[in-house]
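The values are calculated or read from the model by the stated rules, or taken from the named source; none is laboratory data. These numbers come from a predicted model, not from an experiment. Don't worry about glycine lacking a Cβ; one is built from the backbone with ideal geometry, like all the others, and counts go over all protein chains shown.
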Amino acid sequence: MNQTKLLWSVPVGPPDIPDSGQRFDLVADEEIRARLAKLAGVRALPRLEANFDVARHGARGVRVTGRVAATVGQNCVVTLDPIYNEVEESVDLVFAPPAARSATADGGEVASEHLAQDAPEPLLGDTVDLGAIATEFLILGIDPYPRKPGAKFEAPPMDNTGAHPFAALAALKKGRGGKDD
């Protein structure tokens, strides 16, 4: 596991979760929002919150459901005006310990579970980091091409006065009588 400090860390382990599950209402403070805005490449992050319901899943797994909501300050890609966008992302993840491995008759190892499209996320160690989940879903939810309402891109008008890249070739061609050889 990467030893660098996470920007927003809220670790929760299966032993910490009651049988009935637990609700987590997280609100990022100003310092965390400033660091996450820099990481996400946005102008500002005035609001970031996450609401998660965390429950045990199977013998040693964890299920996290909920939502991540934020207000993101960006610049319009058309006008470059500052704008604010809302991010709202649903979360439904299952974490489980790495698949148990069993020895085969010839002494090799084979994974006991097939990898499926909806396979659980690996539970590394004994915790799930809710802050890291919120950060990931925030970044996935940010519009990479934000537009101010009503902003439309209009291509600059074409200059047909002969100042295009192939004007010199066209002049040479005309000098030879305009005929192709």
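A few notes on this one:
- Selection status of G66, loosely packed, with under 12 Cβ neighbours inside 10 Å and closer than 16 Å to L140 by Cβ: no
- Qualifying positions in the stretch 69-101 - over 18 Å from K38 (Cα atoms) and not in a loop (DSSP other than H, G, I, E, B): E88, E89, S90, V91, D92, L93, V94, F95, A96, R101
- Among the residues of the stretch 8-30, some residue qualifies, meaning at least one is among the polar types (S, T, N, Q), in contact with a helix residue (DSSP H, G or I) (Cβ under 9 Å, 6 or more places away or on another chain), over 30 Å from R147 (Cβ atoms) and in contact (Cβ under 8 Å) with a residue 40 or more places away in the chain.
Residues are listed down the side, and each one gets a yes or a no for (1) surrounded by fewer than 17 Cβ atoms within 10 Å (Cβ to Cβ); (2) closer than 30 Å to Y84 by Cβ; (3) more than 17 Å from the chain's Cα centre (by Cα); (4) not hydroxyl-bearing (S, T, Y):
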| site | (1), (2), (3), (4) |
| --- | --- |
| P11 | yes, no, yes, yes |
| P15 | yes, no, yes, yes |
| Q22 | yes, no, yes, yes |
| D25 | yes, yes, yes, yes |
| A44 | yes, yes, no, yes |
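- R23 falls short on exactly one of the conditions (1) under 17 Å from V68 (Cα atoms); (2) modelled with pLDDT under 95, and that condition is (2).
- Scope the stretch 118-134; condition small (G, A, S) and surrounded by 15 or more Cβ atoms within 10 Å (Cβ to Cβ); matching residues: G131, A132, A134
- Some residue of the stretch 43-59 being of a type outside the set (G, A, S), on the phi < 0 side of the Ramachandran plot, free of Cβ contacts under 8 Å to residues at least 24 places away in the same chain and not in a strand (DSSP E or B): no
- Applying the criterion of being part of a helix (DSSP H, G or I) and β-branched (V, I, T) to the residues of the stretch 135-159, the residue that is surrounded by the most Cβ atoms within 10 Å (Cβ to Cβ) is T135.
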